[in-house]
Amino acid sequence: MRLPWNRKYLEIGFHVILTAGVLVLLGAVVFHLSVAKNVILETARHVLAVFAPFFWSVGIAVVLEPLVAFWQRFYEKRLTAKQKVRVKNRRVGTGMTYLLVFGVIGLLICGVVRGLGTADLESLAQQAGDFTRQAGDWLVLLQLKLAEYGLLQNAEGILTTAVTEVSAAIENGVLRIAGALPEAGGQILNAAIGFAAAFYFLAEKENVQFFLGQVGNVFLGQGRTGKIAGFFTEVYEVVMGYLCGQLVDAAIMGALFAGTFWIIGIPYGVLIGIFSGFSNLIPYFGAAVAFLLAVLSGLFSSEPMRAVYAAIAILLLQQLDSAVIVPRVVGSRVELHPVLVLLSLAVFGGFFGFWGLLFAVPLGALLKNFFFRLYEQKATKQREN
């Protein structure tokens, strides 16, 4: 018996299958949350590794777009009306931006190399040796005191275990660094390809946008293409607001770190403070860098107590940064309330760890915008009814 063909039944069946699939996926995520999280992270890591040059180029283009637009406007203001008509792309603005960026990178590299060249490495090595010998003397005194109280037997086992664990940690760290060297070379190559591709994306921005719009209109329709373009425009504005806020936060923290370390008397305190502040672009990484560099520099100085003062100052400044500066500075840039900034960091950091912390604020801002847009649509429909 031949069943009658009905397109409506086919659409209903498709929606039933799609709904069932979504419910099964949600159930798998809910009941196997850790497994789902690992699958998502592994998939994202694999995609990032395969398409790394493309992501590098898009990221570089997004970050450098404001500078390119500024230099292009600066260049076109000095042209006559007839000359402006002949301008078909933004290669002048892009070229000026690249010269500026690579000039700054070159100056930083030269500064670091010159600083290392003039550093008194022999003095640093001697201070490191003195600190090691002093630490050995402290251990001997500790053993003598423990033996005095009859606790040496237990202490030897604890110290042996601690030494073994520290040795294993150092060995694993060395192996990780050795394993990361080839990967670092690959990332440098990806970054170089990304810079080259980003140059053409930035210089031919209007042509790229026109081509993508035409492709979207053909395959998706003009309405959907407009919605997708609006979504990516909103994402771009949120991301740029977040990056600008992070740069302001890094500058503030760099100044606070540098001033504090200079007051305490940490050797190379200003340089360490500036580097630590801009390392703060990555959440919690800046705190670790500041703590490690400042404490080691304080320990190797003429007054080891400076390391203690530096550690206390870092803890206080990080509390100030996380509780006051980030919510107000970064939150205002993405139009996100300070309380929502803290909640976004807690939620996304708890689910996705380091990457969750890195993208918590822009994701929180996008979710907030989506919620209020949905709320306005529902409220408008209720008012019309």
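The values are calculated or read from the model by the stated rules, or taken from the named source; none is laboratory data. Keep in mind it's a predicted model, so treat the numbers as computed, not measured. All Cβ positions, even for glycine, are placed from backbone atoms using ideal geometry, and neighbour counts span all protein chains on display. The accessibility values were calculated without ligands, DNA or RNA, using every heavy atom of the protein model including side chains. Shrake-Rupley method; radii C 1.70, N 1.55, O 1.52, S 1.80 Å.
Note on the range 279-301: residues that are crowded, with 19+ Cβ neighbours inside 10 Å and either at positive phi or aromatic (Phe, Trp, Tyr) (or both) amount to 1.
The rows are residues; the columns are (1) modelled with pLDDT of 80 or more; (2) touching a Cys at 6+ places or on another chain (Cβ under 7 Å); (3) hydroxyl-bearing (Ser, Thr, Tyr); (4) farther than 20 Å from Leu67 by Cβ.
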residue	(1), (2), (3), (4)
Asn154	no, no, no, yes
Ile158	no, no, no, yes
Glu171	no, no, no, yes
Tyr200	yes, no, yes, no
Phe210	yes, no, no, yes
Val215	yes, no, no, yes
Gly221	yes, no, no, yes
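Scanning the range 369-385 for residues that are open to solvent by less than 90 Å² (accessible area, probe 1.4 Å) and polar (S, T, N, Q) turns up Asn369, Thr380.
A single member of Phe352, Phe261 is of a type in the set (Phe, Trp, Tyr) and surrounded by fewer than 20 Cβ atoms within 10 Å (Cβ to Cβ), and it is Phe352.
Could you say whether any residue in the range 206-221 is out of contact with any Ser or Thr (no Cβ under 9 Å at 6 or more places or on another chain), within 26 Å of Asn369 (Cα to Cα) and outside any loop (DSSP other than H, G, I, E, B)? Checking the range 206-221: at least one residue is out of contact with any Ser or Thr (no Cβ under 9 Å at 6 or more places or on another chain), within 26 Å of Asn369 (Cα to Cα) and outside any loop (DSSP other than H, G, I, E, B). Within the option set Glu335, Glu376, being at positive phi and not small (Gly, Ala, Ser) holds for one residue only, Glu335. Taken residue by residue, the range 58-66 has at least one member that is open to solvent by less than 80 Å² (accessible area, probe 1.4 Å), in contact (Cβ under 8 Å) with a residue 40 or more places away in the chain and among the acidic types (Asp, Glu).
Whenever a residue of the range 67-82 is within 20 Å of Val104 (Cβ to Cβ), its partners that are open to solvent by less than 60 Å² (accessible area, probe 1.4 Å) and not in a helix (DSSP H, G or I), lying with C-beta atoms within less than 7 angstrom and at least six residues away or across chains, give the pairs Val68/Arg90; Gln72/Arg90. Is there any pair with a first residue in the range 188-204 that is surrounded by 18 or more Cβ atoms within 10 Å (Cβ to Cβ) and a second that is charged (D, E, K, R) whose Cβ atoms are under 6 Å apart and which are 6 or more apart or on different chains, and what are they? Sorted first by the residue in the range 188-204, then by its partner, the pairs are Ala203/Arg90; Ala203/Arg91.
Checked against (1) under 29 Å from Val330 (Cα atoms); (2) in contact (Cβ under 8 Å) with a residue 60 or more places away in the chain, Phe232 meets all criteria but (2). With respect to (1) in a helix (DSSP H, G or I); (2) open to solvent by 90 Å² or more (accessible area, probe 1.4 Å), the lone exception for Glu335 is condition (1).
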